[in-house]
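Derivation of every value follows stated rules applied to the coordinates shown; laboratory data play no part. Predicted, not measured: the structure shown is a model, and the values here were computed from it. Every residue, glycine among them, receives a Cβ derived from its backbone with ideal geometry; neighbour counts consider all protein chains shown.
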Amino acid sequence: MSSFLDKILTSKRIEIAKCKNHISQSEIERIAAARTGFRGFEDSLNQDGVRIISEIKRASPSRGDINPDLNPATVAQAYQEGGAAALSVLTEPNFFKGTQEDLKSARAAIELPVLRKDFIIEPYQVYESAAIGADAILLIVRILDDAMLCNLYSLARRLGLDVLTEVFDEEDAKRAAALKATMIGINNRDLAHFKTDINHAVRIAKLLPESASVVAASGVHNKADIELNLNNGIRRFLIGEALVKQPDPVATLKIWIATD
């Protein structure tokens, strides 16, 4: 694991400790247990056609500020109008400048299911995700050992959350398959170096179970990138930076989703 990723995870552990001091484990479990009204994230991705998870992303470690002053509700509404299948909201504050309030505000403004995208490493965050209104969470295989990966995945499903399981390399793919993950996101960006290869998802997808709903994530910037994946059997995408930077995300999404 890269030293930079280590920094993110160290920061995350400090953040979690602060959250626990603010809302106890027992209280967050109580709030999560009372949660109702989940929107079907996986069901939406499995509908026919090009399915895009449109992301609200203020900044990233590799790109710096992208759109730090965005209005989550306004952006979410534009994504919904453009035909997005679902929304992804970054809630990591120190490196991506996201907040839990971003997720709450975005979800309240639309009817789409919402993914909480963060570095989830312990059960408290899964309960927290349900409590703040997420419909799905991201679990990154490479930052979790097998026991914790299984624990977090099972807990999320028991609470009613869908799970997008993120893989990068062949070993990650094997572990996701062993987990029997039903939605698998392939990150085109290597978190160790933050280098991106648009062809990466196409290669790794061949190693995944045919039954899995595969999502290409990171590095998708235009219609040509989408068509490259479509020609190789991938029709689900998670797109952040390229959409956040668009002056007209509604029109852009409609073009990207349209098929000949």
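For region 65-110, give the magnitude of the charge dipole about the Cα centre (Cβ charges: +1 Lys/Arg, -1 Asp/Glu; no others), in debye to the nearest 20. Each step should come with its number before you reach the end.
Details: 3 positive and 6 negative charges, 30 e Å.
Charge dipole, region 65-110, about its Cα centre: 140 debye, nearest 20.
With charges only on Cβ, +1 for K and R and -1 for D and E, what is the dipole size of the chain about its Cα centre, in debye, rounded to 20? Could the numbers behind the result be given before it?
Numbers: 32 positive and 35 negative charges, 52 e Å.
Approximately 240 debye in magnitude.
Arranged from highest to lowest average of other beta-carbon atoms within 10 Å per residue, in what order do the peptides 219-229, 175-185 appear?
Values: 219-229: 17.2, 175-185: 20.1.
Per-residue Cβ counts within 10 Å, averaged per peptide and sorted highest first, yield 175-185, 219-229.
At a 10 Å Cβ-Cβ cut-off, how would you order THR74, THR165, THR196, fewest neighbours first? Spell out each step's value before the answer.
Details: THR74 12, THR165 25, THR196 15.
Neighbour counts put them in this order, fewest first: THR74, THR196, THR165.
Describe numerically, in nm with one decimal, the distance between label points set 7 Å from Cα along Cα→Cβ at LYS223 and at LYS18.
So the two model labels end up 4.4 nm from each other.
Among ILE8, VAL215, SER24, pick out the residue whose Cα is farthest towards the positive end of the charge dipole of the chain, where Lys and Arg carry +1 and Asp and Glu carry -1 on C-beta, about the Cα centre.
Of ILE8, VAL215, SER24, it is SER24.
Assuming R0 = 35 Å, what is the FRET efficiency of GLU171 and GLU111, from their Cβ-Cβ distance, to the nearest 0.05? Intermediate results must be reported in sequence, preceding the final value.
Numbers: r = 38 Å, r/R0 = 1.08.
Calculated value: 0.40.
Suppose every Lys and Arg Cβ carries +1 and every Asp and Glu Cβ carries -1, with no other charges. What dipole size does region 126-255 come out with about its Cα centre, to the nearest 20 debye?
Value, rounded to 20: 260 debye.
Answer with one residue from VAL114, TYR127, LEU70: the one whose Cα lies farthest towards the positive end of the charge dipole of the chain, charges on Cβ with Lys, Arg +1 and Asp, Glu -1.
Farthest towards the positive end: TYR127.
Hey, for a label at GLN246 modelled as a point 7 Å past Cα toward Cβ, could you say which residues of region 81-116 have their backbone N under 14 Å away?
81-88, by backbone N distance to the label point.
By the gyration tensor of its Cα atoms, with a ≥ b ≥ c the square roots of the eigenvalues, what is the shape of region 1-109: rounded for a/c under 1.5, prolate for a/b over b/c, or oblate? Spell out each step's value before the answer.
Working: a/c = 1.81, a/b = 1.21, b/c = 1.50.
Oblate, because a/c is 1.5 or more while a/b does not exceed b/c.
Using Cα pairs under 8 angstrom and six or more residues apart, how large is the relative contact order of the chain, in percent? Write out the running numbers ahead of the final one.
Numbers: 478 pairs, mean separation 53.5, N = 260.
It rounds to 21 percent for the chain.
Between ARG30 and ALA258, what is 0.36 nm times their sequence separation minus the Cα-Cα distance? Round to one decimal in nm. Write down the numbers at each step before the final one.
Working: separation 228, 0.36 × 228 = 82.08 nm, distance 4.31 nm.
Gain in length upon complete extension: 77.8 nm.
Determine the sum of side-chain charges near GLN80: Lys and Arg each +1, Asp and Glu each -1, restricted to other residues whose C-beta is under 13 angstrom from that of GLN80.
On the way: positive: ARG39, ARG107, LYS254; negative: GLU81, GLU111.
Result for the neighbourhood of GLN80: +1.
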